[in-house]
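Report on the following structure.
The values are calculated or read from the model by the stated rules, or taken from the named source; none is laboratory data. All of these numbers come straight from a predicted model, not from anything done at the bench. When we count neighbours, we look across all protein chains shown, and the Cβ atoms used for this are built from the backbone with ideal geometry, even at glycine. We work out accessible area using only protein heavy atoms, side chains counted, and drop any ligands, DNA or RNA first. Shrake-Rupley method; radii C 1.70, N 1.55, O 1.52, S 1.80 Å.
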Amino acid sequence: MLEHIKQWLDRRRGGVIGSHNPDNLPHPKAPGDQLLSESRLIVLDLETTGLNASKDEVIAIGAVAIQGGTIPLDDQFDLILRRPELDIRETVLIHGIGTEALTQGHETEDALLYLLEWMNGDPILAYHSAFDQKFLEKTLKAQLGYTQPHTWMDVADILPAFFPDAKTGGKGLDHWADYFGLEVSARHHAAADALATAELTLAALNKAGKDGVKTLHELNDKLKYHRRLQNMHRF
Amino acid sequence: MAAANQDSSRPQNTRAIMGFLREHAPFSSMEDPHLAHFAEHATLRFFADGDAVLSPDDGIVKRFYVVKQGRIRGERHNEKEDRLETTFEISQGECFPLAALIGERPTRTLHRASGDTFCLSIEQDAFITLFSESETFRDFCIRGVSSLLDQVNQRIQSSAMASMGSSNTLDTPLERYALRNPIVCSPDVPVRKAVARMHENNVGSIIVTDDNRHPTGIFTLRDLRSMIAKGEFPLDTPIQQVMTQNPCRLPAQADAFEAAMLMAEHHFAHLCVVDADDHLIGVVSERDLFSLQRVDLVNLARTIGTATHLRTLVSLRSDVSRLVDAMLAHGADSGQVVKIITTLNDVTVRRVLELNLKKNDPGIPFTWLTFGSEGRQEQTLLTDQDNGILFQTPEGMTEDEAREKLLPFARTINDELAECGFTLCKGNIMASNPKLCLSEREWDDWFIRFIEASTPQNLVYSSIFLDMRAVFGPMEPLHRLLENVLTRIRKNALFQKMLAGNALQRKPPLTMFRNFRYLNEGNKHSLDLKRQGLAPFVESVRVFALANGVEAANTLERMDALARNGVFDPKDANAWKEGYSLIQAIRMRAHQEMLDRGEELTNYIDPDDLNPLDRRILRESFRQAQRLQQKLEVTYQL
């Protein structure tokens, strides 16, 4: 994968950096009648300098793709952004990215452009996706002026929607990973978390197929229904 | 944590998968670039509990799987009992389906997830890349297939068992085995008297019963042995003091399998069979159940060894055939069976010699030699004579004079052996041939010429004369001769190389596409199991054995010795032994079937007549022969 990125970056560097045309970037796809068994889904995880979207920044992006109910590992995204000016002392203990690694990262703009092309407008799944969505949208807007809304789905909703009786002992990624007996290779590494999230998503998609949920649209509806149910319980 | 960022040339998930692979064989001993190739081309798949992962209906297998987490079980439909049975389980870090993938065919077993399961898979092209680039991976795959042969072998035995008919299977009610008057005595009988009764009746156990014929104890030869060894009780002790109380018992309706399990569990060799009121009906012994027919073997050998007429010897040959049948059916492996055939053949040869020496002793001390398959102790029912005489020239006699006296005697032996079913050797490799009736010195010269001035033609005879054994007469002269021969061969690299080249003449009958390569004989597809199947093993192993000073002539023993010497990798040696033995087993079964049909025995079979399982065994075994020949090629740079 790195070879692809290097080649791509070299190509980009040949041209004038920063002169991209946002209209040429892929357009997000709406959740329609695409079959889940044939769709490509992006499962993404971000590492940030903190939890506050208005002041903290993205420092690493990890993502894998789900295609036809499997995770082909030749189709993944694993980048550390080059943001040496950021103060990361607060979170460095959690995700393990030190200043040195950050300075070796990639130019933010290049990386984000590559990410958009790689995602190809496909729906994005994440665990507690609101957090990743806020950070990614903010970053894309600030760096590239890109504002097209992707379809986002929250794996934290998908899992209880399909496994309502699962006794996970909690709502976190770790709880579900334990429930399915997953070993996460390096927790709080964006790519490893993304893979773990994607593995859980595979289990949910397998169940979805058996429950008769066939299309992206149906999946989205099921999630909306599930969220409404959750909100009703809350009041 | 910090380590996660060190090797930054590979994405985290690739590194993680490589890390997972490294914890499991064969990946643990594969090189990083190969592991990376795997990880980068892998696809992660999920299967919920009970999902079919791979099915015989999916067509030719194109994908290689490693269980990342969870378990896969193999499911086969047992037609007899109409139920599903689990044939194997594949757990974390294990690979599947090797045999189908390498054999380029659909899987024969439905693979089902057992619990929620994640698998890593690679497609055929990535598999082929790894297979061709990583020697470790390749060896693992091939050996993986060959250890499958273990399971296959067990199935041969069970099918042979089934073909014996219900009368001999383990679901037979015990009463059929045990309905005979058991030898009994009352509790107060002295041990000496009880043992005398056992001796009279030729049994190994006696049951002690009370007045109502309830078994209260059992006394066996093993008890007698330990009693005498300990010396605590004299022989006139009442038996109740030394017997085993409350002997194991089963009702007559119980089946042989229950009895076998009970014996295996408690290490008893005898069980009482009782009726509903606990009255003793009979005794069943381990030997009755597992009649690998050792009794018959011992008896048969004794009968042959004491026969007084050639007639008797001839008639006993059919008993040998029956014994082989029974042994195959009871799951004896082919190595054991050929050794037993050889043992019985040796006894026959010895008896023929003894009977003739009594009638007409030529008066020259000699050792009777056997060559070839008999020398290797690898005879089957189809066997011809390959023998010779090594004699000591008596004082005052020339070698030719001694030979004069021995040749007519040898002629008679050869003819009488032929009557016993040992076909006369078409190539005249027999003791009655003056060139093979030699003194020790003459034999030594003979071998010097054979080794030092070897021509491609006489190398053909290496398979005969370099596998030599003494059957009768003093062993020492042969031992001295063999030592000289082995030393000469070990020093003669050229001869070794020629032998190796000769061993490669016969290729296993497989095409490049792993199909059978048939002999061109008419329309029928035929394979020669001996020349095409066994010979590549036998001849390659012989070269290694002779070059490394291994004295044994038996191919399996040679392989064991070569594994011990470090010439063969032990795992390779096992795979080769298996392959060789399985071809031998198929060949012997074919012989038994030919006998049943009253046909003349040949080594030809048509693979189309075999069931698919046997065809697969043959193909895999031939592939092992190819591997062995490859080792020979590499070793001798041919």
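At the residue level, B:Cys95 shows approximately 20 square angstrom of accessible surface with a 1.4 angstrom probe and all protein chains present. For B:Val184 and B:Lys230, a Förster radius of 22 Å and the Cβ-Cβ distance give a FRET efficiency of 0.30, rounded to the nearest 0.05. Under 21 Å of direct C-alpha separation, and excluding same-chain neighbours fewer than eight residues apart, B:Lys358 reaches these lysines: B:Lys405. Largest accessible area first, the residues A:Thr168, A:Thr139, B:Thr423 order themselves as B:Thr423, A:Thr168, A:Thr139 under a 1.4 Å probe with ligands, DNA and RNA left out. Here the accessible area of the stretch B:338-417 is 48 percent carbon and sulfur, with a 1.4 angstrom probe and all protein chains present.
B:Ser581 contributes an accessible area of around 30 Å² to the protein surface, as traced by a 1.4 Å probe with all chains present.
Placing B:Leu101, B:Leu638 in order of accessible area, with the largest value first and a 1.4 Å probe, yields B:Leu638, B:Leu101. Among the protein heavy atoms, those of B:Glu75 account for about 20 Å² of accessible surface (1.4 Å probe, every chain in place).
Can you compute the label reach from B:Lys497? Point 7 Å from Cα along the Cβ direction, backbone N cut-off under 12 Å, restricted to the stretch B:613-638. Taking a point 7 Å out along Cα→Cβ of B:Lys497, the residues of the stretch B:613-638 whose backbone N falls under 12 Å are B:636-638. With a Förster radius of 30 Å applied to the beta-carbon distance between B:Arg138 and B:Arg76, the computed FRET efficiency rounds to 0.60. Computed extension length for B:Asn201-B:Ser55: 46.7 nm, one decimal, from 0.36 nm per residue of separation with the Cα-Cα distance subtracted. What net charge do the residues around A:Asp165 carry, taking every other residue with its C-beta under 14 Å from that of A:Asp165, with Lys and Arg at +1 and Asp and Glu at -1? Result for the neighbourhood of A:Asp165: +1. Once C-alpha pairs closer than 8 Å and six or more residues apart are averaged by separation and normalised to the residue number of the stretch B:498-635, the relative contact order reads 33 percent. Simple spin-label estimate for B:Glu354 and B:Asp445 gives 3.6 nm between the two label positions (7 Å along the Cα-to-Cβ direction from each Cα).
The Cα-based radius of gyration and maximum Cα-Cα distance (Dmax) for the stretch B:498-635 are 15.3, 46 Å.
Determine which lysines satisfy two conditions relative to B:Lys230: a Cα distance under 24 Å, and not lying fewer than 8 residues away in the same chain. Once the sequence-local lysines are set aside, what remains near B:Lys230 is B:Lys193.
How large is the accessible surface per residue of the stretch B:2-133, computed with a 1.4 Å probe and reported in Å² as a whole number?
Working: 5850 Å² over 132 residues.
That works out to 44 Å² for each residue.
Its Cα centre serving as origin, the stretch B:1-136 has a Cβ charge dipole (Lys and Arg +1, Asp and Glu -1) of approximately 160 debye.
So if R0 is 41 Å, what FRET efficiency would B:Asp415 and B:Glu23 give, r being the distance between their Cβ atoms, rounded to the nearest 0.05? Kindly include the intermediate steps, with their values, before the conclusion.
On the way: r = 68 Å, r/R0 = 1.65.
My answer for the efficiency is 0.05.
Within 12 Å, Cβ to Cβ, of B:Leu504, how many net charges do the neighbouring residues add up to if Lys/Arg are +1 and Asp/Glu are -1? Provide the component values of the computation, followed by the final result.
Numbers: positive: B:Lys497, B:Arg506, B:Lys507, B:Lys631; negative: B:Glu539, B:Glu633.
With Lys, Arg at +1 and Asp, Glu at -1, the neighbours total +2.
Cross-link pairs exceeding 28 Å in C-alpha to C-alpha distance, out of A:Lys210/B:Lys68; B:Lys426/B:Lys507; A:Lys55/A:Lys214; A:Lys224/B:Lys68, comprise A:Lys55/A:Lys214; A:Lys224/B:Lys68. The simple spin-label model puts a point 7 Å past each Cα toward its Cβ; for B:Asp125 and B:Cys248 those points are separated by 6.1 nm.
List the lysines whose Cα lies under 16 Å from the Cα of A:Lys207, skipping any in the same chain that are fewer than 8 positions away. Leaving aside lysines fewer than 8 places away in the same chain, those within reach of A:Lys207 are A:Lys222.
Across the cross-link table entries B:Lys491/B:Lys631; B:Lys339/B:Lys491; B:Lys530/B:Lys577; B:Lys530/B:Lys631; B:Lys497/B:Lys631, which are compared at the Cα atoms, the separations over 25 Å belong to B:Lys339/B:Lys491. In terms of accessible area, using a 1.4 Å probe and ignoring ligands and nucleic acids, B:Met198, A:Met232 rank largest first as A:Met232, B:Met198.
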